1. Which residues, counting only those in segment 33-48, are surrounded by fewer than 21 Cβ atoms within 10 Å (Cβ to Cβ) and assigned to a loop (DSSP other than H, G, I, E, B)?
2. Taking GLY215, is it out of contact with any Pro (no Cβ under 6 Å at 6 or more places or on another chain), buried (at least 16 other Cβ atoms within 10 Å of the Cβ) and in a loop (DSSP other than H, G, I, E, B)?
3. Check ILE218, ILE182, ILE226 and return the single one that is in contact with a Lys or Arg (Cβ under 7 Å, 6 or more places away or on another chain), closer than 30 Å to ALA44 by Cα and β-branched (Val, Ile, Thr).
4. I need the full set of residues from segment 55-95 which are outside any helix (DSSP H, G or I), buried (at least 17 other Cβ atoms within 10 Å of the Cβ) and out of contact with any helix residue (DSSP H, G or I) (no Cβ under 8 Å at 6 or more places or on another chain), in order please.
5. What single numbered condition from (1) closer than 18 Å to GLU221 by Cβ; (2) aliphatic (A, V, I, L, M); (3) touching a strand residue (DSSP E or B) at 6+ places or on another chain (Cβ under 8 Å) fails to hold for ILE98?
6. Are any residues in segment 189-218 of a type in the set (S, T, N, Q) and modelled with pLDDT under 90, and if so, which ones?
7. Name the one entry in ILE51, ILE30 that is closer than 16 Å to ASP122 by Cα, in a loop (DSSP other than H, G, I, E, B) and not polar (S, T, N, Q).
8. Which ones in segment 148-183 are in contact with a strand residue (DSSP E or B) (Cβ under 7 Å, 6 or more places away or on another chain) and under 15 Å from LYS127 (Cβ atoms)?
Amino acid sequence: MEEWKSRTELLIGEKNVQKLAKAKIIVYGIGGVGSFVVEGLIRAGIENITIVDNDVIVPSNINRQIHATVPNIGKLKVDCMKERILSINPKVKVETYIPQNMKIEEEALIENSITYVVDAVDTVTTKLKLIQRAKEQKVPIISCMGTGNKLNPTKFEITDIYNTSVCPLAKVMRKELKKRGIKELKVLYSKEEPIKHEIEQRTPASISFVPSVAGLIIAGEVIKDIIK
């Protein structure tokens, strides 16, 4: 056993450490939530991962994205995250995928050889496509609901989409999933009422400790599902 995994092995055992090393994960969306999902997965011992995003790092990402630093401004998020992954564990097999848009192309990546899919994208259309594809291939998926305009990370919880409340994104997803006959979906969502701003704005507000906590909770759920 590699020394850096020794503390993890003490907690979950050698067999489970080996399970994690063999698992194949895809993370869609490498932003505030997704970057911390990846961080948590890699440090837990995941050694096969595909990361999907078509965006570059901009200054406004620095407040909440783990790969967002001044030297990385203008670089592709997946490239920066890959570099970080390999700096943690050079043995990881990292695939990067940069779709022209986050709408169609990514569906083909979800095959039944995948262990787990993480949806950390922002758009409803893409989320629905990912969820449908994962359900068709019978691949476990967890989907992140809204983390913007939130200030209390203790309000996050893992549940089924049809047990959610408060979250505006979850409300839309419940409606659309019901139309498509999808009867269950594991999600992370917040019970916190979104903070309203005096000036109406389309861009969600954010802070360092909310998306990061959401991402690490999702990473933990994926890990626990793999080793249970």
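1. Within segment 33-48, just GLU47 meets the criteria.
2. For GLY215, the condition - out of contact with any Pro (no Cβ under 6 Å at 6 or more places or on another chain), buried (at least 16 other Cβ atoms within 10 Å of the Cβ) and in a loop (DSSP other than H, G, I, E, B) - is not met.
3. So the residue among ILE218, ILE182, ILE226 that is in contact with a Lys or Arg (Cβ under 7 Å, 6 or more places away or on another chain), closer than 30 Å to ALA44 by Cα and β-branched (Val, Ile, Thr) is ILE226.
4. The one that is outside any helix (DSSP H, G or I), buried (at least 17 other Cβ atoms within 10 Å of the Cβ) and out of contact with any helix residue (DSSP H, G or I) (no Cβ under 8 Å at 6 or more places or on another chain): LEU76.
5. Only one criterion is unmet by ILE98, namely (1).
6. Scanning segment 189-218 gives GLN201, THR203.
7. ILE30
8. The answer is ILE161, THR164, CYS167, ALA170.
The values are calculated or read from the model by the stated rules, or taken from the named source; none is laboratory data. From a predicted model like this one, the values you see are computed outputs, not experimental measurements. Positions of Cβ are backbone-derived with ideal geometry, glycine not excepted, and every protein chain shown enters the neighbour counts.
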